[in-house]
Amino acid sequence: MQNKADLELDSLVLEILGNLHEGAYVVTKDRRIVYWNRAAESISGFSTSEVVGSYCQDNFLKHIDESGKQLCLDECPLVEAMKLRRPVSDMLYMHLKQGARIPVDIHVIPIVKNGVAVGAVEVFCEKAEISGIRAEMQRLRSLAFVDELTGTLNRRGLEFILEDRVSEASRYKRKFAVLFIDLDNFKAVNDRYGHLVGDALLKAVSETLVHNLRASDKVGRIGGDEFVVIAELNGRDPEILARRLIELISNTFVLVDSEPVSTTASVGVTVADGSKPAKELLKQADQLMYSSKEKGRNTYTIGE
């Protein structure tokens, strides 16, 4: 079996990888993880002791692409880089230990010896917009606009932002979308596993939403298992956005005794141009969400 010595990773290489701000890990040809740096621990929540010795195809990171395809179980970027013997870059969604999904940029460099790929190094980092989102949420927290459980906007903060967006849309003749998101059958999660697990799942879903939107978009929890997203459009298709968020929420989970606990979402989407007040937009998106429930859940309904 291959190990770090087989891959000729000397102390200098390991020191460089260990001091990167980006997450980095090293795999053998059969994708056994032999190195996991501190930044990888910080970003993912998985410690070195939990990761080293396992295989990527064990699927603990559960990488998925835009369509929801499980990359770790098939032709993942690591496999592609080693097969082609050249670097590969991509954007995918990583599963964090606490349950959320975040978008990460990855760069894979094959380790080639005598013309044969004997392993690879993958470097990954959070999308650049995430740091801006965190800074903005800290500012809003100081204004008592933040929900303490999830760290997203509370109802007061959401209404404040929404009114501001309506005013901007009217003034500058541009559109934005309001997505009303209700988690499906969430009461059953609380009833079966208890409120601590339910709260953990709410946090994971909120993290997934925050990390998969633009810095200019806003996420709010307005009560219970209901969230609202205010999304700048600027050429973005609200239907594509709704489908992507539904897919990501369904792939978000927390573990209870090694059993994944997840949920799906019903979404109502209304497109705003500044002609309707904030409360009416929320009401309309809420009604559209109920239409999604009537369709069988885990889908969206869009209107204007």
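The values are calculated or read from the model by the stated rules, or taken from the named source; none is laboratory data. Here the structure is a predicted model, which means the values were calculated and not measured. Virtual Cβ from ideal backbone geometry, glycine too; neighbours counted across all protein chains shown.
The residues of the stretch 253-268 that are out of contact with any Ser or Thr (no Cβ under 7 Å at 6 or more places or on another chain) and touching a residue at least 12 places away in the same chain (Cβ under 8 Å), listed by number, are V254, L255, V256, V261, T263, A265.
Each row is one residue, and each column tells you yes or no for (1) assigned by TED's automatic domain parsing to the domain that holds T264; (2) charged (D, E, K, R); (3) at pLDDT below 90; (4) more than 15 Å from the chain's Cα centre (by Cα).
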| residue | (1), (2), (3), (4) |
| --- | --- |
| D58 | no, yes, yes, yes |
| L61 | no, no, yes, no |
| I64 | no, no, yes, no |
| K69 | no, yes, yes, no |
| L78 | no, no, no, yes |
| K83 | no, yes, no, yes |
| R86 | no, yes, no, yes |
| M94 | no, no, yes, no |
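Among the residues of the stretch 91-120, the ones that are of a type outside the set (A, V, I, L, M, F, W, C) and not in a strand (DSSP E or B) come to 5 in all. Of the residues making up the stretch 170-190, those that are part of a helix (DSSP H, G or I) and of a type in the set (G, A, S) number 2. Does S250 satisfy the condition of being surrounded by fewer than 23 Cβ atoms within 10 Å (Cβ to Cβ), free of Cβ contacts under 8 Å to residues at least 12 places away in the same chain and out of contact with any helix residue (DSSP H, G or I) (no Cβ under 9 Å at 6 or more places or on another chain)? Here the answer is no, as S250 does not meet what is asked. Among the residues of the stretch 191-202, not a single one is buried (at least 21 other Cβ atoms within 10 Å of the Cβ), assigned by TED's automatic domain parsing to the domain that holds Q284 and outside any helix (DSSP H, G or I).
S54 - would you say it is surrounded by 15 or more Cβ atoms within 10 Å (Cβ to Cβ), of a type in the set (G, A, S) and closer than 18 Å to N212 by Cβ? No; evaluated as a whole, the condition is false for this residue.
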